[in-house]
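Working notes for the structure below.
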Amino acid sequence: MPTEDRISDIWGERTPYARGGRWPTRVDSHLAPGVEETEVENWVQSASTLHSNGDAFDIAVRDGRIVGVRGRPDDRVNHGRLGPKDLFGWQAIQSGDRLTHPLLRRHGELVECSWDEAMEALVRRTRELLDEQGPSAVGFYTTGQLFLEEYYTLALVAHGGIRTNHVDGNTRLCTATAAEALKQSFGCDGQPGSYTDVDHADVIALFGHNVAETQTVLWMRILDRLAGDDPPAILCVDPRPTPVARAATVHLAPRPGTNVALMNALLHEVIARGDVDEQWVRAHTVGYDDLEKTVGRYSPDVVSTICDVPAADIRAAGRLVGEATALLSTVLQGFYQSHQATAAAVQVNNLHLLRGMIGRPGCGILQMNGQPTAENTRECGADGDMAGFRNWSNTDHVADLARVWNIEPAQIPHATPPTHAMQIMRYVEDGSIRLLWVSGTNPAVSMPELARMRSILSQERLFLVVQDIFLTETAQLADIVLPAAAWGEKTGAFTNVDRTVHLSEKAVEPPGQARPDLDIFVDFARRMDLRDKDGGPLVTWSTPEEAFDAWRECSRGRPCDYSGLSYDKLRGGSGVQWPCTEEAPDGTERLYDGGVFWASPEDCESYGRDLETGAPVEEQEYRALNPYGRAIIKAADYRPAHELPDEEHPLQLITGRTVYHFHTRTRTGRAPELQAAAPDVWVEVSIHDAAVHGLREGDLAEVRTRRGEVRARVRVCGIRPGVVFLPFHYGYWDTEAGWRPGEHGRAANELTLTDWDPASKQPIFKTAACSVRKVSDGDGTPSPAPHATAPPVPAGSTTGADR
């Protein structure tokens, strides 16, 4: 299918199919202007790294440059389809402002230097700090966009070589709750469901998940089911009128921060209606009685006043999920980025456990990821988890990893929980972390409360190392900048949301002296002379395939078992779902078939946490609760958001994504079609709030919280009253204007607060109290004075049209 207008026609033409059928193939492609398919010299296998769906495609190469992409028709994930970021995003890596040489700060300025100079400066400072203070002086903050082989190498270097516990990724900001919720319910990370559950489900429930914009190809699959015979019913929980909401059978638009109350009401209805599979629950779970008692207090009438959602709509949603014969649920940021994130996501798991709907076609849970390789950070231990989904609190697991790495168990820091990203930044702020190595991410735009973050990262006492493909807002603050190779310029494997592993082959050379991240980590390990217990090199590999083979052995026998995979197996055909073993050589479509879980005290990745306090559950307590390794049903009471609207800040701010951009626009902002489609920040307000605050479409408005302000053009829409939305992608760089640090704020995270969910430690981006006022008319005429502050929207004021 040609792609002349796939910016406006985001999801392309429909290819309907019926329940239980196979999703038809549709091959999407895009080539640079003036390039014909016959002129392509080479097609190189890859998959998308601009979202978490894992869309497989081939890269078109001519004259040593990437000139386009074409969907892979045989791949199980996308059957040839591609979304806008797949089709156009590849152009960014050929941008003229790529980093091509290492940079070293001298006399306050970043200047070009050699790799030897940069690495020697890094190694020298690392050794100084290890001698002065020890491993606690060093922290690593990585991304969700490297390859599996790079994460595994980083985890080994950081945990086994430097021996620091300060290791996390920016996945903490977007999908830490996915991992935590799975551990809480099933004892272990790993998505139970599969994308093929869309083919079999009769009800698809999307909780805080705008799949139409975040995973466009997965939405295409759902749209094709909706267009076919026997379409599924759709439940959407989202305060915005997204494309998913418009297609929904039932749309619930709760107040931000009330997801736990809403989920408790749905569970209340499932129990009250007699829709619990009691035999399955008795055989395969623990904790049901506590849940039944808790949700008994959350009738639809009670919850209606908390969430400001009509009780009749809650009952309709409860009836929908209660009567489903095959229920697929997905969860994303609308649930994850809140003060009760894990508690809310766990209740979605509980819904499936009560219905006995897990491990069979159409009965899946997808606690979604936001980034292309977020799953690999968790599997490989680059985000604070233990490699191979091992348990930090299980000494046998620590010893087993030490065996794999050929080091003493005492060398692996495990006396205290791993340091999460927000705590890492606090340690930087108080001066205990003195070297921070940031790879592939831009915390100067993506972290909460940016004024504070800039002050943290710009401290003189901090030695900041940034490894990236562009000179980002964060890189401008660095002491050393290491130029990295991008996707398409290196080889590696990565895993999508439903555990499908893809191989991305090197298509072109990186620019200048840029190096693959794997090469940089290996070089660092060798210059540091990191050794195993026998005196050999700690990192024994130098190529991506060697690193992959080492990871296979690390994962052998663990839930995320890659031992049956190889580069050869991943070449040519479809991606393969782990676990892939001798017993399951073609991979595993779904986890937990027959109600068998990785939850025994001997095998589990985590003993769990208290959902309200985040306190870890001790081993003996877990053994008493769950000696036979069943799924764990955990109840939670609703607690109000930490920052509620008041007279000065009468509205609630939520942030999120747009279909055309990814994270801080480092790549998508350099793809002309994507940047032109969404060139600048905007603010969404409801019809009600626009009238109250004197706003019209296109006006320039100021959104203010206790932490800062952002100016953006107004979009008046059907978002629920009392809620304001800002996309978080926009920072202080622009393709036309270059760096714009002196402007009024345009980064949404100038406004967000430094706070996090107690269990997953994921920051809160969805419940800041804010005000909004008009700055000027759409034609640029200044507003004469700030509009009077309006009172908070009263309970029950939402109408169906505004939801």
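The values are calculated or read from the model by the stated rules, or taken from the named source; none is laboratory data. What you are looking at is a predicted structure, and each value in this text was computed from that prediction instead of being measured. A quick note on method: Cβ atoms are made from the backbone with ideal geometry, for glycine too, and the neighbour counts reach across all protein chains shown. Only protein heavy atoms, including side chains, enter the accessible area calculation; ligands, DNA and RNA are left aside. Shrake-Rupley method; radii C 1.70, N 1.55, O 1.52, S 1.80 Å.
One line per residue, one yes/no per condition, for (1) more than 23 Å from the chain's Cα centre (by Cα); (2) at pLDDT below 95:
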position: Asp289; (1), (2): yes, no
position: Arg297; (1), (2): yes, no
position: Ser304; (1), (2): yes, no
position: Thr330; (1), (2): no, no
position: Gly334; (1), (2): no, yes
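Identify, by number, the condition in (1) at pLDDT 95 or above; (2) under 28 Å from Pro721 (Cα atoms); (3) within 26 Å of the chain's Cα centre (by Cα) that Leu353 doesn't meet.
(2) is the only condition that Leu353 fails.
Report, by residue number, each residue of the stretch 521-562 that is part of a loop (DSSP other than H, G, I, E, B) and farther than 19 Å from Tyr151 by Cβ.
Asp529, Asp532, Lys533, Asp534, Gly535, Gly536, Gly557, listed by residue number.
Can you name the condition, by its number, that Ala415 falls short on among (1) within 25 Å of the chain's Cα centre (by Cα); (2) open to solvent by 10 Å² or more (accessible area, probe 1.4 Å); (3) modelled with pLDDT under 95; (4) of a type outside the set (Ser, Thr, Tyr)?
(1)
Residue by residue through the stretch 424-442, note down the ones that are under 16 Å from Asn170 (Cα atoms) and part of a loop (DSSP other than H, G, I, E, B).
Selection gives Gly440, Thr441, Asn442.
Six or more apart or on different chains, Cβ atoms under 8 Å: show the pairs whose first residue is in the stretch 118-131 and surrounded by fewer than 18 Cβ atoms within 10 Å (Cβ to Cβ) and whose second is aliphatic (A, V, I, L, M).
Hits for this filter: Val123/Met528; Arg127/Met528.
Could you check the stretch 533-588 and list, in sequence order, the residues that are closer than 30 Å to Trp43 by Cβ, open to solvent by 50 Å² or more (accessible area, probe 1.4 Å) and either at pLDDT below 95 or among the β-branched types (Val, Ile, Thr) (or both)?
Thr543, Gly572
Take the residues in the stretch 425-441 that are over 14 Å from Val465 (Cβ atoms) and in contact (Cβ under 8 Å) with a residue 24 or more places away in the chain, then tell me which one is surrounded by the fewest Cβ atoms within 10 Å (Cβ to Cβ).
Here the answer is Gly431.
Hey, does the stretch 307-319 have a residue that's in the same structural domain as Met357 (by TED's automatic domain parsing) and within 21 Å of Phe765 (Cβ to Cβ)?
Yes; the residues of the stretch 307-319 include at least one that is in the same structural domain as Met357 (by TED's automatic domain parsing) and within 21 Å of Phe765 (Cβ to Cβ).
Could we say that Pro483 is farther than 19 Å from Cys380 by Cβ, of a type outside the set (Asp, Glu) and within 26 Å of the chain's Cα centre (by Cα) here?
yes
I'd like to check something: does the stretch 608-616 contain any residue that is assigned to a loop (DSSP other than H, G, I, E, B) and open to solvent by 80 Å² or more (accessible area, probe 1.4 Å)?
The answer is yes, given that some residue of the stretch 608-616 is assigned to a loop (DSSP other than H, G, I, E, B) and open to solvent by 80 Å² or more (accessible area, probe 1.4 Å).
From the list Arg454, Arg461, which residue is surrounded by fewer than 24 Cβ atoms within 10 Å (Cβ to Cβ), among the charged types (D, E, K, R) and either in contact (Cβ under 8 Å) with a residue 60 or more places away in the chain or part of a loop (DSSP other than H, G, I, E, B) (or both)?
Matching residue, one of Arg454, Arg461: Arg461.
Please determine, by comparing only the residues of the stretch 442-451 that are in contact with a strand residue (DSSP E or B) (Cβ under 8 Å, 6 or more places away or on another chain) and closer than 13 Å to Ala478 by Cα, which one is surrounded by the most Cβ atoms within 10 Å (Cβ to Cβ).
Restricting to residues being in contact with a strand residue (DSSP E or B) (Cβ under 8 Å, 6 or more places away or on another chain) and closer than 13 Å to Ala478 by Cα, the top hit is Pro443.
Among the residues of the stretch 10-51, which ones are within 19 Å of Glu489 (Cβ to Cβ), in a loop (DSSP other than H, G, I, E, B) and open to solvent by less than 70 Å² (accessible area, probe 1.4 Å)?
Residues satisfying the conditions are Ala32, Val40, Ser48, Thr49, Leu50.
Lys506: buried (at least 24 other Cβ atoms within 10 Å of the Cβ) and among the charged types (D, E, K, R), yes or no?
Spelling it out, it is not the case that Lys506 is buried (at least 24 other Cβ atoms within 10 Å of the Cβ) and among the charged types (D, E, K, R).
Kindly indicate the residue of the stretch 747-765 that is hydroxyl-bearing (Ser, Thr, Tyr) and under 12 Å from Gln337 (Cβ atoms) and also surrounded by the fewest Cβ atoms within 10 Å (Cβ to Cβ) among those meeting that condition.
Among those residues, the one meeting the criterion is Ser760.
Inspect the stretch 344-352 for any residue being in contact (Cβ under 8 Å) with a residue 60 or more places away in the chain, open to solvent by 10 Å² or more (accessible area, probe 1.4 Å) and not aliphatic (A, V, I, L, M) and give the result as yes or no.
Checked against the condition, which is being in contact (Cβ under 8 Å) with a residue 60 or more places away in the chain, open to solvent by 10 Å² or more (accessible area, probe 1.4 Å) and not aliphatic (A, V, I, L, M), the stretch 344-352 yields no hits at all.
For the stretch 474-503, give me each residue that is over 26 Å from Ser542 (Cβ atoms) and surrounded by fewer than 24 Cβ atoms within 10 Å (Cβ to Cβ).
Listed by number, the residues that qualify are Gln476, Leu477, Asp479.
Any residue in the stretch 659-685 that's more than 11 Å from Gly89 (Cα to Cα) and without any contact (Cβ under 8 Å) to a residue 12 or more places away in the chain: show its pairings with residues that are among the basic types (Lys, Arg) and open to solvent by less than 10 Å² (accessible area, probe 1.4 Å) at Cβ separation under 9 Å, as long as the two are six or more apart or on different chains.
From the stretch 659-685, no pairs qualify.
Within the stretch 327-413, considering only helices (runs of 4 or more DSSP H) that don't extend past its boundaries, which have at least 3 residues that are aliphatic (A, V, I, L, M)?
Per the criteria, 341-355, 395-405.
Condition first: of a type in the set (Asp, Glu) and either touching a Phe, Trp or Tyr at 6+ places or on another chain (Cβ under 8 Å) or closer than 30 Å to Leu173 by Cβ (or both). Can you find one or more residues in the stretch 304-312 that meet it?
Yes, the stretch 304-312 contains at least one residue that is of a type in the set (Asp, Glu) and either touching a Phe, Trp or Tyr at 6+ places or on another chain (Cβ under 8 Å) or closer than 30 Å to Leu173 by Cβ (or both).
State yes or no: is Ile271 within 23 Å of Leu753 (Cβ to Cβ), open to solvent by 10 Å² or more (accessible area, probe 1.4 Å) and of a type in the set (A, V, I, L, M, F, W, C)?
no
Which members of the stretch 663-676 meet the condition of being open to solvent by 10 Å² or more (accessible area, probe 1.4 Å) and not charged (D, E, K, R)?
Within the stretch 663-676, His663, Thr664, Thr666, Pro672, Gln675, Ala676 qualify.
Taking Ala382 as the residue in question, decide whether it is hydrophobic (A, V, I, L, M, F, W, C) and over 20 Å from Lys634 (Cβ atoms).
For Ala382, the condition - hydrophobic (A, V, I, L, M, F, W, C) and over 20 Å from Lys634 (Cβ atoms) - is met.
Quick one: would you say Val244 is over 27 Å from Gln340 (Cβ atoms) and either open to solvent by less than 10 Å² (accessible area, probe 1.4 Å) or outside any loop (DSSP other than H, G, I, E, B) (or both)?
no
Restricting to the stretch 108-149, what's the tally of residues that are among the small types (Gly, Ala, Ser) and not in a helix (DSSP H, G or I)?
Selection size over the stretch 108-149: 5.
Kindly list the number of the only condition in (1) buried (at least 21 other Cβ atoms within 10 Å of the Cβ); (2) assigned to a loop (DSSP other than H, G, I, E, B) that fails for Leu653.
(2)
Can you confirm whether Thr177 is part of a loop (DSSP other than H, G, I, E, B), open to solvent by less than 10 Å² (accessible area, probe 1.4 Å) and either on the phi > 0 side of the Ramachandran plot or in contact with a Ser or Thr (Cβ under 8 Å, 6 or more places away or on another chain) (or both)?
no
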